[in-house]
1. With the requirement that a residue be more than 16 Å from the ligand (Cβ to nearest atom) and farther than 18 Å from Leu73 by Cα, what does segment 160-182 give you?
2. State all residues of segment 40-69 that are assigned to a loop (DSSP other than H, G, I, E, B), of a type in the set (Gly, Ala, Ser) and without any contact (Cβ under 8 Å) to a residue 12 or more places away in the chain; if no residue qualifies, say none.
3. When you scan segment 242-264, do you find a residue that is of a type in the set (Asp, Glu), modelled with pLDDT of 95 or more, in a loop (DSSP other than H, G, I, E, B) and touching a strand residue (DSSP E or B) at 6+ places or on another chain (Cβ under 9 Å), even just one?
4. In this structure, is Lys37 at pLDDT below 95 and assigned to a helix (DSSP H, G or I)?
5. Going by the structure shown, is Lys31 modelled with pLDDT of 95 or more, more than 19 Å from Lys261 (Cβ to Cβ), away from the ligand (no atom under 16 Å from the Cβ) and charged (D, E, K, R)?
6. Tell me which of these Ala85 doesn't satisfy, since it passes every other one: (1) crowded, with 23+ Cβ neighbours inside 10 Å; (2) out of contact with any helix residue (DSSP H, G or I) (no Cβ under 6 Å at 6 or more places or on another chain).
7. Glu177: closer than 30 Å to Ala230 by Cβ, of a type in the set (Asp, Glu) and in contact with a helix residue (DSSP H, G or I) (Cβ under 8 Å, 6 or more places away or on another chain), yes or no?
8. Can you tell me which residues in segment 150-166 are of a type outside the set (Gly, Ala, Ser), modelled with pLDDT of 95 or more and either surrounded by fewer than 20 Cβ atoms within 10 Å (Cβ to Cβ) or in contact with a Cys (Cβ under 8 Å, 6 or more places away or on another chain) (or both)?
Amino acid sequence: MAVVKDARVPLIAGNWKLNLDHLQAIAFVQKLAWSLKDAGHDFDGVEVAVFPPFTDLRSVQTLIGADRLPLGLGAQDVSQHDSGAFTGEISGAFLKALDCAYVIIGHSERRSLHSETDEVVAAKTAAAIKHKLVPVICVGETADDLEAHGPAAIPIAQLTAALAQVPQGSDIVVAYEPVWAIGSGQAATPEQAQTVASALRSVVAESLGADVAAATRILYGGSVKSANIAGFMRQSDIDGALVGGASLDVAEFSAIAQFPKHVGV
Ligand code: 13P
């Protein structure tokens, strides 16, 4: 398993949620790039990506392009539609035109606060792939789900549904984010996260084949900090992190991306 894991470039992704306007975003990304370079970050060894609000994307794209910053860019959501009378929606085509590589889909906040169903998540995943964006498909159980069904059942069902319209061979990222761990300061244990990540890799294998499953990066998200990232990264099926609160602190996010220095394996 270690050999297979070595073939996957870890991804440390910062989901800014509804934080930082476009001017703050420019200052933040400049500082982040400096901090990573200062620390001698191995950008080929650990990919770092930011997921700012829509209104920041053009500014961050321009900065990354002008200064040739080795940072990935993603959006936090995408419409299932390409164009038309869908007030407030953003097309995958528009995100691709801004050089977004990734888009987060089905975050628990979208599922709970914006009533996104598994069907909507599946349609958005298909739209992302259609526009050559890599979907970062978020799945995770609530505290009640955990008590009623254990940790893996809901994430497995959510991922199975999300992959329903995904063509074979597609490049995807999966993020396991237990809802009870998001913003709570109470992360899952690395062993809990590994158990679910391994089950999710089996779902990818069943839906998209063994080769795609072996290449797919599975992230853990939920109260990730520099102090706990190493435990997650030691797990054979965890290939990075989707970081919320700690991604808004340059020093902390940079330290998370530097996890190889403190994984100790
Ligand atoms: P926190 O890291 O703030 O717990 O948020 C996790 C998250 O929701 C990332 O998408």
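1. The answer is Thr160, Ala161, Leu163, Ala164, Gln165, Val166, Pro167, Gln168, Gly169, Ser170.
2. Within segment 40-69, just Gly40 meets the criteria.
3. Scanning segment 242-264 turns up no residue that is of a type in the set (Asp, Glu), modelled with pLDDT of 95 or more, in a loop (DSSP other than H, G, I, E, B) and touching a strand residue (DSSP E or B) at 6+ places or on another chain (Cβ under 9 Å).
4. no
5. yes
6. Checking Ala85 against (1) crowded, with 23+ Cβ neighbours inside 10 Å; (2) out of contact with any helix residue (DSSP H, G or I) (no Cβ under 6 Å at 6 or more places or on another chain), the one that fails is (1).
7. The answer is yes for Glu177.
8. Passing the criteria: Ile156, Thr160.
The values are calculated or read from the model by the stated rules, or taken from the named source; none is laboratory data. On a predicted model such as this, the values are computed, not experimentally measured, just so you know. Using ideal geometry, Cβ is built from the backbone for each residue, glycine included, and neighbour counts are taken over all protein chains shown.
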